[in-house]
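The values are calculated or read from the model by the stated rules, or taken from the named source; none is laboratory data. Since this is a predicted model, take the numbers as computed values, not measurements. Neighbour counts run over all protein chains shown; Cβ positions are idealised from the backbone, glycine included. The area values use the complete protein model at the heavy-atom level, side chains included, leaving out ligands, DNA and RNA. Shrake-Rupley method; radii C 1.70, N 1.55, O 1.52, S 1.80 Å.
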Amino acid sequence: MCIRDRFKGIWGSGLSISAAMGVRDANEASWTQVLDVLELMVDSSGLPILLDGDTGYGNYNNARRLVRKLEERGVAGVCIEDKVFPKQNSLLEGGRKENLAPIEEFCLKIKACKDFQRDPDFQVVARVEAFIAGWGLDEALKRAEAYREAGADAILIHSKKTDCGQIESFVKEWKNRHPLVIVPTKYYTTPTQKFRDWKISTVIWANHNLRASIAAMKDVSKKIFEAESLTPVEKTIVPVTEVFHLQRNEELVAADKKYLPKT
């Protein structure tokens, strides 16, 4: 669907991947399980994928091994956040207080990832969680600059405010010194043109396909249960042929004709 709608890449959302597995976005899925999902995503899409790599699943050694394994599977890059392992979702309300990794420790983790990669095009994005953890602009800028100097290919600055004030203040002080990535899940009413004016490198629409699918499944399940019939929903959902199309079943049919013995 991302290819059909002309998106240039895919965000390997930690929330979406964990939800699909039926676990919480709190490092309950192992990084090898996430790798298995990413391998299938690469095979299916052919688009560049940036993995939401949480904290790198541990210290510098875990993070650099993750980079190597992602490269082997054709993943384009990884975003690593400066929280302490195990993390929790940044938008979770009522969760525990977030602790951030010491700046030097996280910088060395970034350096280890960059030193260990083989593909010069592989991207390591450093995600600054200072605003999420309740720190101010100065801390966010200090961390972002340190991560830039440590070798990060881009900086993701995150905020859970419903307005773009924190991001705008950061952008003004950052002065476009290095590529910036944003995730406007909470400040979604901000006009996209403003992001262009700020010269944002990448905007991630993070989890809306997941949330849309949950809304649709809840509605359909409720109607089927209440009606004890498929009649109320059949005309409102895609036909099975659309599923086959997304799975590229046409290629398998053509391959069968080419490679199976004629009987």
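Just one of the listed residues (Ala146, Ala154) is aliphatic (A, V, I, L, M) and more than 20 Å from the chain's Cα centre (by Cα), namely Ala146.
Before we move on, is Ala63 part of a strand (DSSP E or B) and either open to solvent by 80 Å² or more (accessible area, probe 1.4 Å) or touching a residue at least 40 places away in the same chain (Cβ under 8 Å) (or both)? Here the answer is no, as Ala63 does not meet what is asked.
For segment 31-43, the criterion of being within 14 Å of the chain's Cα centre (by Cα), closer than 20 Å to Val128 by Cβ and assigned to a helix (DSSP H, G or I) is met by no residue. A single entry from Lys222, Lys186 fulfils the requirement of being out of contact with any strand residue (DSSP E or B) (no Cβ under 7 Å at 6 or more places or on another chain) and touching a residue at least 60 places away in the same chain (Cβ under 8 Å): Lys186. For first residues located in segment 122-139 and open to solvent by 10 Å² or more (accessible area, probe 1.4 Å), partners that are assigned to a helix (DSSP H, G or I) and among the polar types (S, T, N, Q) and lie 6+ apart or on another chain with Cβ distances below 7 Å form the pairs Phe131/Gln166; Leu137/Ser169. In segment 86-102, the count of residues that are part of a strand (DSSP E or B), among the small types (Gly, Ala, Ser) and either in contact with a Pro (Cβ under 9 Å, 6 or more places away or on another chain) or touching a residue at least 24 places away in the same chain (Cβ under 8 Å) (or both) is zero.
Restricting attention to segment 85-120, the residues that are closer than 23 Å to Glu145 by Cα and either open to solvent by less than 70 Å² (accessible area, probe 1.4 Å) or at pLDDT 95 or above (or both) total 22.
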